[in-house]
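Asks: Before I ask anything, here is the structure I am working with.
Coordinate-derived values only; no laboratory data. These figures come from a predicted structure and were not determined experimentally. Don't worry about glycine lacking a Cβ; one is built from the backbone with ideal geometry, like all the others, and counts go over all protein chains shown.
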Amino acid sequence: MISNPVPWPNGARCAVAFTFDLDADSILHLRHHASADTRVAALSMLRYGPQVAMPRIVEIYRRFEMRQTFFLPAWCMERYPVAVEQILAGNHEVAHHGYLHEEPNTLAPDEELYWLNRATEVIVAATGERPRGFRAPAYQFSRTTLDHLVAEGFAYDASLMGDDVPYLLENGHGTVIELPSHIGLDDWPHFMTSRELDYRTTIKPPEQALAVYRAEFDAMWEHGGLWIAVWHPFLSGRLSRLTAMVELIEHMRDKGNVWFARLDEIAAHVASLVETRQWAPRIDRLPYYTGPIPELGEVEPARPD
Ligand code: ZN
């Protein structure tokens, strides 16, 4: 089913990464800058992530001896330093997720670069290292994001959804390894509902979400893929959902031959395979388009509701 399955370390059938995006209340300030401070219940729901869920998540990882990747808007690192300490104490990876969760494709290229570098400075100050990986807030990777990632020396991106295995993004000046996920492995469509954030899904019981995550994992295990969950502490850190996550980890361990890894470790493995010509990834040249397709001219066709 996969034309170029990756030779994973030690003969593993697939690679697994639970990634948590610690957005906390950055998303509320971004959406409602003038009034976020008055939306106290929404703030409390989002602050549950760093304050209540994070200790539980790192404790579960400690119990299973897993090292994983956390994506943090840099503003959240400044606002919630204890959560950063917990991440670093567990030897987990801190990766780049914007400064205040600003969406790159809403910014001019120089603005995008300003916020990218401003957040990098915060990560360097907190961790002592430049970030190796990036995930565009809300997946809003822009037509120039890759140019910035190449110029700033990022090893990998984890924003896109174009394959079941790692692939390369190329812009004519260099490459970045793409570690793709899928919206079905994101917890928003399963659990998120918020009037303030204009997101009203029907909340699923954890076992239904788990069935989706597990089916995706079983297929990746069967065919040699890469399984990356994109979860949020304020959503998946709730008690019933973390209980389901533990069941999922146990299911994965029972199947065996699974490589649980940080995304920077997966990117380093892929880079080494490419360098030594043991494996050749697919290459996507970006941007896909430099403007609207010409076939429609200036006319926007009516969109079906
Ligand atoms: Zn996010």
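Asks: Between VAL58, VAL82, VAL16, where does the largest GNM mean-square fluctuation fall for the chain, given springs only between Cα atoms within less than 10 Å?
Replies: Maximum among the listed residues: VAL82.
Asks: Same structure, new question: Please turn the phi angles of segment 180-185 into ³J(HN,Hα) values with the Karplus equation 6.51 cos²θ - 1.76 cosθ + 1.60 (θ = phi - 60°), one per residue in order, whole Hz, x for glycine and proline.
Replies: The phi angles translate into x, 10, 7, 4, x, 9 Hz.
Asks: Going by average Cβ density within 10 Å per residue, which order do the peptides 108-120, 221-233, 262-274 take, highest to lowest?
Replies: For the peptides 108-120, 221-233, 262-274, the packing ranking is 221-233, 262-274, 108-120.
Asks: Could I ask something else about it? May I ask you to evaluate 6.51 cos²θ - 1.76 cosθ + 1.60, the Karplus curve with θ = phi - 60°, for each residue of segment 254-265 and list the ³J(HN,Hα) values in order in whole Hz, giving x for glycine and proline?
Replies: In residue order, the calculated couplings are 5, 5, x, 6, 10, 9, 7, 8, 6, 5, 5, 5 Hz.
Asks: Considering only DSSP beta bridges where both residues belong to segment 14-281, give the percentage that are antiparallel (nearest 5).
Replies: 20
Asks: Restricting everything to alpha-carbon atoms, can you work out Rg to Rh for segment 224-305 with a Kirkwood hydrodynamic radius?
Replies: Expressed as Rg/Rh, it is 1.17.
Asks: Quick one: among PRO73, PRO205, PRO104, which has the greatest mean-square fluctuation in a GNM of the chain with alpha-carbon springs under 10 angstrom?
Replies: Result: PRO205 has the largest fluctuation of those listed.
Asks: Check which residues have an amide H placed less than 5 Å from GLU93's amide H, if you skip close sequence neighbours.
Replies: GLN68, THR69, PHE70
Asks: Oh, and also: I want to verify a result. In a Gaussian network model of the chain, Cα cutoff 10 Å, which of these has the top mean-square fluctuation: HIS96, HIS32, HIS148?
Replies: Comparing HIS96, HIS32, HIS148 in a Gaussian network model of the chain, the most mobile one is HIS32.
Asks: Once every DSSP H run of n ≥ 4 in the chain is given -39500 (n - 2.57) and the sum is divided by its residues, what mean residue ellipticity at 222 nm do you get, rounded to the nearest 500 deg cm²/dmol?
Replies: The helix contribution divided over the chain gives -12000 deg cm²/dmol.
Asks: Continuing with the same structure: Could you tell me what percent of the DSSP beta bridges with both partners in segment 86-240 are antiparallel, to the nearest 5?
Replies: Looking only at bridges with both residues in segment 86-240, the antiparallel portion is about 50 percent.
Asks: With unit charges on the beta carbon (Lys/Arg positive, Asp/Glu negative), name the residue among ALA119, ALA24, VAL176 whose Cα is farthest towards the positive pole of the charge dipole of segment 14-281.
Replies: ALA24
Asks: By the gyration tensor of its Cα atoms, with a ≥ b ≥ c the square roots of the eigenvalues, what is the shape of the chain: rounded for a/c under 1.5, prolate for a/b over b/c, or oblate?
Replies: rounded
Asks: Let me ask another. Of ALA211, TRP188, THR243, which is farthest along the charge dipole of segment 110-248 in the positive direction, counting Lys and Arg as +1 and Asp and Glu as -1 at C-beta?
Replies: Most positive-ward Cα: THR243.
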